[in-house]
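The values are calculated or read from the model by the stated rules, or taken from the named source; none is laboratory data. Here the structure is a predicted model, which means the values were calculated and not measured. Quick reminder, even Gly has a Cβ in these numbers, built from the backbone with ideal geometry, and neighbours come from all protein chains shown. Heavy atoms of the whole protein, side chains included, go into the accessibility calculation; ligands, DNA and RNA do not. Shrake-Rupley method; radii C 1.70, N 1.55, O 1.52, S 1.80 Å.
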Amino acid sequence: MSEETKIITEMIVGASQKAREETSNEPEPELTQPLQWPVKAMIGPGLEGAIACESKIGYVNGSKGWLIYRGYDIFDLCAYSTFEEVSYLLLNGDLPTASELDNFKQKLVSYGFLNQTLRLLMSSPVESMNTMSAIRLGTLLMRRTITPLDLEDGNPFRADFINCDEDSIPMETAPKGEVHAIYEFKRPSDDMDNNEACIHLIAGLATITAAVARIHQGRMPIEPDPDLGHAANLLYMMTGRKPTPVEERIMDIALILHADHGMNASTFAAMVVASTLSDIYFSVGSGIAALNGPLHGGANEQVVRTLMEIGGPENVPAWVKETLSSKGKVMGFGHRVYKAYDPRARVLSVLAKFLAETNESIKPLFDTAQSLEKEVVSQLGTKKNIFPNVDFFSGIVYSCLGIAPEMFTPIFAVSRVSGWTARILEYLENNRIFRPRAMYTGEFNKQYVPFDQREGKK
Ligand code: SDX
């Protein structure tokens, strides 16, 4: 850990202590014992309160504001771990040994070279596509080859592949904006089973997201640098610049924070698709689709637009009054589970403050955010248990890292793909297709009316 990043660890440890002090008198955790199915539960609209399955992967305690991955507290993982290690933890159940982590990292790097997939992706109008639809397309293109997932006998279909270098494709030798682009087609991995597919997707989503960011800048994608870690490569492939140790550490922590969060809408969507025994690429595509919604992962981009619309701390009281009186929602606040501060917002808040202090252009946004946080918590905190959630400060952190707002939600997906794939693997161990009910409140015994006797009918 470098001197510069030590201060970040200390800030997170401080945020952890503050969280403990503020929530120590909350009731003890519940819903943490094995279940005897079938179970009784109070269920509201949107399956609120329904228990979909048992899981050892992650636990959210809404009254305490706790988030735990495989038994480890999120504050400790942010202070001391990395996204690669956390992804391994979520997928495999415990922290890796040095050789296990090294092997996992090597797989992530090798799966991150997706030149053929990017070449196919770039045959679509990515520059004018919604960034989430572009990364969803890229994920599905990763699944273009017939793999063991398609074949009964599990022998991989030997896709023909072209081995080429820059000379053989002159029109792509020196594309605009880039020093070089190498289209080296690799043989698809022979043992692409679900476990490998998870690592393929975790690696690939970062490369695809970065490529979409570059194309939206009017530039060509950049290959990952095998000497960089996952978070550093994400920033490098997006910005074309190798990040500083502080930038890398903060990106890494942001990826850790967004990796898993219980039965949120996108994880549930991914699991529903997987429960039909469709494959994990389709499932991740469904997770991306669900995450796109502004009530879910799409809120982070809306928050920055809200802060820009408010225009400064002095305008916050009037804006909040107007928004709440018209029953509007303040993006980045509230949560179905957290009725205390989202622990992720606690960490992102100190990171945003740290970065904004030395970023002239973002500092005003952060000042407005602090004023908005104070105003909304004073009005809705105790009254409705509404506090900042993970999306409130993440956009400020990403803006300080030079990332455009349209990439905020795709970056959420780059992280959450670890939670999606881990929970899919776990659920498939005792799979049961998801099939809830709808209460029919319609009519009965209606007589069919032939078309020519319907005049005047609506
Ligand atoms: C994420 O599930 C997860 O874990 C999600 C997530 C993850 O990691 O996967 O944590 C990530 O999605 C975070 C949430 C990002 N979304 C937003 O920030 C959008 C704004 N938030 C709201 O839309 C809302 O808080 C939800 C959707 C997050 C939760 O909504 P609920 O639990 O369905 O609550 P609700 O809409 O029924 O509201 C209850 C009351 C209402 O007031 P009354 O009608 O009772 O008077 O609280 C009010 C709401 O009007 N309320 C808000 C509010 N959120 C709820 N009022 C103002 N601003 C808000 N943000």
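The charge dipole of segment 275-381, taken about the Cα centre with unit charges on the Cβ atoms of Lys, Arg (+1) and Asp, Glu (-1), comes to about 380 debye, rounded to the nearest 20. Dividing the mean sequence gap of close Cα pairs (under 8 Å, 6+ apart) by how many residues the chain holds gives a relative contact order of 19 percent.
Determine the shape class of the chain: with a ≥ b ≥ c the square roots of the Cα gyration tensor eigenvalues, call it rounded for a/c under 1.5, and otherwise prolate if a/b is greater than b/c, oblate otherwise.
Details: a/c = 1.37, a/b = 1.09, b/c = 1.26.
Because its axes are fairly even, with a/c under 1.5, the chain counts as rounded.
Return one whole number: the accessible area per residue of segment 3-80 in Å², for a 1.4 Å probe.
It amounts to 63 Å² per residue over segment 3-80.
Pairs with C-alpha atoms separated by more than 19 Å, drawn from the list 64/384; 40/383; 56/107; 18/56; 329/363; 353/384, are 40/383; 56/107; 18/56; 329/363; 353/384. What you get for the chain, charging only the Cβ of Lys and Arg (+1) and of Asp and Glu (-1), is a dipole of about 1860 debye around the Cα centre.
Per DSSP H run of n ≥ 4, the term is -39500 (n - 2.57); total these for the chain, divide by its residue number, and report the mean residue ellipticity at 222 nm rounded to 500 deg cm²/dmol.
Computed mean residue ellipticity for the chain: -15500 deg cm²/dmol.
The charge dipole of segment 63-129, taken about the Cα centre with unit charges on the Cβ atoms of Lys, Arg (+1) and Asp, Glu (-1), comes to about 220 debye, rounded to the nearest 20. Between residue 227 and residue 434, the contour length at 0.36 nm per residue exceeds the Cα-Cα span by 70.3 nm. With a 1.4 Å probe and every protein chain left in place, tell me how much accessible area residue 392 has, in Å² to the nearest 10. So the heavy atoms of residue 392 present about 0 Å² to solvent. Projecting the Cα atoms of 286, 124, 17 onto the charge dipole of the chain (Cβ charges, centred on the Cα centre) puts 286 farthest toward the positive pole. Going 7 Å from the Cα of residue 127 toward and past its Cβ, which residues in segment 198-220 have a backbone nitrogen under 14 Å from where you end up? Residues 212-220 qualify, since their backbone N sits under 14 Å from the label point.
Given the Cα-Cα distance of residue 383 and residue 120 and 0.36 nm per residue of separation, how much length would full extension add, in nm?
Net length gain for the segment: 89.5 nm.
On full extension, the segment bounded by residue 21 and residue 241 gains 75.2 nm, given 0.36 nm per residue less the C-alpha separation. Let me check I've understood the local charge: for residue 311, count other residues with C-beta under 13 angstrom from its C-beta, Lys and Arg +1, Asp and Glu -1. What total comes out? Around residue 311, the charge tally is -2. In this simple spin-label approximation, residue 48 and residue 110 carry label points 7 Å from Cα along the Cα→Cβ vector, and these lie 4.9 nm apart. Summing charges over all other residues whose Cβ lies under 14 Å from the Cβ of residue 79, with Lys and Arg as +1 and Asp and Glu as -1, gives +1. Taking only protein heavy atoms and a 1.4 Å probe, the accessible area of the chain is 54% carbon and sulfur.
Accessible surface computed residue by residue for segment 301-400, with neighbouring protein chains in place and a 1.4 Å probe, gives 45 Å² per residue.
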